[in-house]
Amino acid sequence: MNEYSFILWHDWRMAATSKSARRTATRARRRQQLINATMKCIARKGIGSTTLGDVAREAGLSQGIVNLHFESKDNLLTETLRYLANDYKTEFNQELEKSGPGPADKLRALIELDLRPNICDRRKIAVWFAFWGEVKSMPTYRKICDESDRYYDSVVEGLCAEIIAEGQYDDVAARATSLALTSMTNGFWLSYLISPRAFDRNEAMAAVHAYLASQFPKHYS
């Protein structure tokens, strides 16, 4: 291959790579656009009443585009739930990484995360509860939700165990405390979903702090 041929080949290769990258980026944006539209539809209508046509109209696209990217409603719903779980896990891990340095600081930061507006958001909460309501009949949903819950519970329980060891709280059980904290969070989410005007984030956080102080008085005063 002479120099001129090599230059032509190189230019072609670069153009093809750039075109492929643009197609991949466009595909990713379209899929995310459809997932966002799906969450809006589920929050408004529920899972059973949401159709591919609803999603297409919400996204401002044709139903053929929905079929092209997801092939079926089941696939679209599964990917929507998976996105929601992964998005939360990313936020959770980032908060875990940057908070600290001790387990008490990390635990408080993770609980506060669950009450922030970008997490404690009515649309997201409505979608979470919609999927949780389907887990008994949909093994795929159950698997995704179970994996998310197990990861969250293991981290929170581990932090509780570290605090117990640090403070020598012999009468406190890490498992029971982590379950109580999870139940509080779920309860606050449900309260916000049902009665948004009556929900107060500061009061909710104060309740969590009061519980933490009752369990770990040496760490939370």
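The values are calculated or read from the model by the stated rules, or taken from the named source; none is laboratory data. All values reported here derive from a predicted model rather than from experimental measurement. Don't worry about glycine lacking a Cβ; one is built from the backbone with ideal geometry, like all the others, and counts go over all protein chains shown. The accessibility values were calculated without ligands, DNA or RNA, using every heavy atom of the protein model including side chains. Shrake-Rupley method; radii C 1.70, N 1.55, O 1.52, S 1.80 Å.
Quick notes
- Qualifying residue in region 159-169 (condition: modelled with pLDDT of 95 or more, in contact with a helix residue (DSSP H, G or I) (Cβ under 8 Å, 6 or more places away or on another chain) and either of a type in the set (S, T, N, Q) or exposed (fewer than 12 other Cβ atoms within 10 Å of the Cβ) (or both)): no
- Test set (1) closer than 23 Å to Ala109 by Cβ; (2) among the polar types (S, T, N, Q); (3) in contact with a helix residue (DSSP H, G or I) (Cβ under 9 Å, 6 or more places away or on another chain); (4) open to solvent by 40 Å² or more (accessible area, probe 1.4 Å) - Ser183 fails condition number: (3)
- Tally of residues being open to solvent by 50 Å² or more (accessible area, probe 1.4 Å), hydrophobic (A, V, I, L, M, F, W, C) and free of Cβ contacts under 8 Å to residues at least 12 places away in the same chain across region 121-153: 1
- Condition check for Asn118: open to solvent by 30 Å² or more (accessible area, probe 1.4 Å), free of Cβ contacts under 8 Å to residues at least 60 places away in the same chain and closer than 21 Å to Ser191 by Cα: yes
- Subset tally (residues that are assigned to a helix (DSSP H, G or I) and touching a Gly at 6+ places or on another chain (Cβ under 9 Å)) for region 24-78: 5
- Test: residue in region 66-74 that is in contact with a Phe, Trp or Tyr (Cβ under 8 Å, 6 or more places away or on another chain) and at pLDDT 85 or above: no
- Among the residues of region 88-99, those identified as surrounded by 12 or more Cβ atoms within 10 Å (Cβ to Cβ) and either more than 17 Å from the chain's Cα centre (by Cα) or without any contact (Cβ under 8 Å) to a residue 12 or more places away in the chain (or both) are Asn93, Ser99.
- Filter result (within 24 Å of Pro103 (Cα to Cα) and polar (S, T, N, Q)) within region 178-220: Ser178, Thr182, Ser183, Thr185, Asn186, Asn202, Ser214, Gln215
- Test for Leu190: is it within 30 Å of Ala43 (Cα to Cα) and touching a residue at least 12 places away in the same chain (Cβ under 8 Å): yes
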